[in-house]
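Step one of this worksheet: look at the structure below.
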Amino acid sequence: MIPALLVLLAFNDILAFADIAAVKSEPDLNRRSELALMNADEKIDVARQAYQAGNEAAEQAAIQEVAESVTVCYEALEKTRNEPRKSKYYKRAELKVSALMRRLSGFRDEVSFDFRPNVEVVLKRLSDIHDELLSDIMSRKK
């Protein structure tokens, strides 16, 4: 009974942060980075559903929110002033952004030629942030 209640409470906590504005209002920067990545993952699903439904405006908005969420994640990690080399949050972010890039590449292959440039712009932004995360993790303390 208690484990089910804990899962339900955790799920409700995740649902409370269903949009980027709510994620940005999270005061704990490490938690904000994780919530932003969860939001980005969810928005890829939303973009796929919007594409299948033929709603280009919702699809474009969801794809843009993926880029914004990953940017929020990276900015939150930078503000923590933790050493990236020793931070589990940097490492989790690097892995999650890599997974998001793979999912977005798959989505790019599904969409029509007309919409691919929009997805590729977001994919490029994710790639840049992924490179910055890797660079931060692999570099020595300044």
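The values are calculated or read from the model by the stated rules, or taken from the named source; none is laboratory data. Remember, it's a predicted structure, so these values are computed and weren't measured experimentally. Using ideal geometry, Cβ is built from the backbone for each residue, glycine included, and neighbour counts are taken over all protein chains shown. The area values use the complete protein model at the heavy-atom level, side chains included, leaving out ligands, DNA and RNA. Shrake-Rupley method; radii C 1.70, N 1.55, O 1.52, S 1.80 Å.
Looking at segment 120-142, can you tell me whether even one residue there is touching a His at 6+ places or on another chain (Cβ under 7 Å), within 16 Å of S33 (Cβ to Cβ) and of a type in the set (V, I, T)?
Let us first name the residues in segment 120-142 that are touching a His at 6+ places or on another chain (Cβ under 7 Å), namely none.
No: segment 120-142 contains no residue that is touching a His at 6+ places or on another chain (Cβ under 7 Å), within 16 Å of S33 (Cβ to Cβ) and of a type in the set (V, I, T).
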**OP:** Report, by residue number, each residue of segment 85-107 that is open to solvent by 60 Å² or more (accessible area, probe 1.4 Å) and closer than 21 Å to A61 by Cβ.
**Re:** R103
**OP:** Return the only residue of R81, R125 being under 27 Å from P27 (Cβ atoms), open to solvent by 80 Å² or more (accessible area, probe 1.4 Å) and either modelled with pLDDT of 95 or more or among the small types (G, A, S) (or both).
**Re:** R125
**OP:** For segment 62-76, name all the residues that are over 9 Å from the mean Cα position of the chain (by Cα) and either open to solvent by 70 Å² or more (accessible area, probe 1.4 Å) or modelled with pLDDT under 95 (or both).
**Re:** Q64, E75
Original post:
If V119 satisfies every condition in (1) assigned to a helix (DSSP H, G or I); (2) open to solvent by 60 Å² or more (accessible area, probe 1.4 Å); (3) within 27 Å of N55 (Cβ to Cβ) but one, which is the exception?
Top reply: (2)
**OP:** Would you point out the residue of segment 24-47, among those that are modelled with pLDDT under 95 and over 25 Å from K86 (Cβ atoms), that is surrounded by the fewest Cβ atoms within 10 Å (Cβ to Cβ)?
**Re:** S25
